[in-house]
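One structure below.
The values are calculated or read from the model by the stated rules, or taken from the named source; none is laboratory data. Just so you know, these numbers come straight off a predicted model, no measurement behind them. Because the Cβ atoms are built from the backbone with ideal geometry, glycine has one as well, and the counts that use them run over all protein chains shown. For the accessible areas, the whole protein counts, side chains as well, though only heavy atoms, and no ligand, DNA or RNA atoms are used. Shrake-Rupley method; radii C 1.70, N 1.55, O 1.52, S 1.80 Å.
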Amino acid sequence: MRLLKYAATATLLATAPLAAAQQLSIATGGTGGTYYPYGGGLAELIGNHIEGADAVAEVTGASVENMGLVWRGDSDLALALADTVYQAYNGTGDFEGRQLENIRALASIYPNAVQIVTLADSDIDSLSDLEGKTVSVGAPGSGTEINAQTLLEANGITYDDLDARRLNFNETADAIRDGDIDAGFWSVGPPTSSIMNLATTRDIRLVGLTDEEIANAKKAEPVFAAYQLKAGLYEGMEEPVQSIGVPNVLAVSSEMDEEMAYQITKVLFEYTDELIAIHPAANDTTVAFSVESTPIGFHPGALRYYEEVGAEISDHQRP
């Protein structure tokens, strides 16, 4: 049955009515993050498996910039955090007064997981234990800082309750290793190299969240979703750890050709193993994660694929 499935997929892709070669641009982020290699992997999938289509990953300033690129038609696809996509579609937050109504989703592809890291021999075992400690909350204005502040405040903790340091990922890892801070926040697709490198030089522990803490965070930020960091994710991590994540969305314009949107969605989920070989974040690229996490309407071409595979679509995902 598996062979028949893939044979049928190949036939459909080979006969898809995409008349002329089409060059697609994928807006990603900086070369040091997850967006760029993931986008490059997706470009390979498109070029290898959709007849008459080719794609290239473009370096950009990431989420907020990417929404404008798609809206203006300067990029065909874009990767962006779900909260940014939601704000762009609804004209709120960074997009107050400039609603981008033509933004649609093909999929939510993986989460930026909130990862709270401390040394294994510290006395920090819970979120509340951060009070009175020196904690990196992420680089100024970063997605990590926004997520950290939201999570803390939703659970009754403010920056006044701790000594907050605004450090980037590598700086945070170095400061934990050197004993300059007690703990740090990351909001990024796991596993991430800076934590992996830290775990090779120091014994670390990831701080888990309770069900109540997760519920409080979701009330404060609706795009948060519960996420379990798997055992073995980092060296010495023997048990899974409960946390939250913000989905990353693959967005397009509502003006994208329906057949193209369908083919890209199909390839994304049926050749995921090729993406995993490029970046392990693609382990979370599943239909189930996508329909559970996408905060805006799907493109009609994507909806067609989800309906074909029997996925349950929410009302807000039907524009």
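Listed by position, the strands (runs of 3 or more DSSP E) inside segment 193-295 whose residues that are polar (S, T, N, Q) and crowded, with 16+ Cβ neighbours inside 10 Å number at least 1 are 241-253. Scanning segment 102-120 for residues that are open to solvent by 10 Å² or more (accessible area, probe 1.4 Å) and either in contact with a Ser or Thr (Cβ under 8 Å, 6 or more places away or on another chain) or part of a strand (DSSP E or B) (or both) yields ASN102, ARG104, ASN112, LEU119. For segment 121-145, which positions are assigned to a helix (DSSP H, G or I) and buried (at least 18 other Cβ atoms within 10 Å of the Cβ)? The answer is LEU127, LEU130, GLY143, THR144, GLU145.
Residues that are in contact with a strand residue (DSSP E or B) (Cβ under 7 Å, 6 or more places away or on another chain) and among the small types (Gly, Ala, Ser) were ranked within segment 90-121; the one that is farthest from GLY189 (Cα to Cα) is ALA120. The set of residues from segment 79-101 being outside any helix (DSSP H, G or I), over 14 Å from THR294 (Cα atoms) and of a type in the set (A, V, I, L, M, F, W, C) comprises just one member, LEU100. For segment 24-42, enumerate the residues that are of a type in the set (S, T, N, Q) and part of a loop (DSSP other than H, G, I, E, B). Residues satisfying the conditions are THR28, THR31, THR34.
In the condition set (1) among the hydroxyl-bearing types (Ser, Thr, Tyr); (2) open to solvent by 40 Å² or more (accessible area, probe 1.4 Å); (3) at pLDDT 95 or above, TYR36 is compliant with all but (3). Among the residues of segment 158-184, those that are aliphatic (A, V, I, L, M) and in contact with a strand residue (DSSP E or B) (Cβ under 7 Å, 6 or more places away or on another chain) comprise LEU162, ALA164, LEU167, ALA175, ILE176, ILE181, ALA183. Of all residues in segment 123-143, those that are without any contact (Cβ under 8 Å) to a residue 24 or more places away in the chain have Cβ atoms under 8 Å from Cβ atoms of residues that are open to solvent by 30 Å² or more (accessible area, probe 1.4 Å), 6 or more apart or on another chain, in ASP123/ASP129. Evaluated against (1) in contact (Cβ under 8 Å) with a residue 12 or more places away in the chain; (2) closer than 19 Å to SER253 by Cβ; (3) buried (at least 20 other Cβ atoms within 10 Å of the Cβ), GLN87 falls short on exactly one condition, (1).
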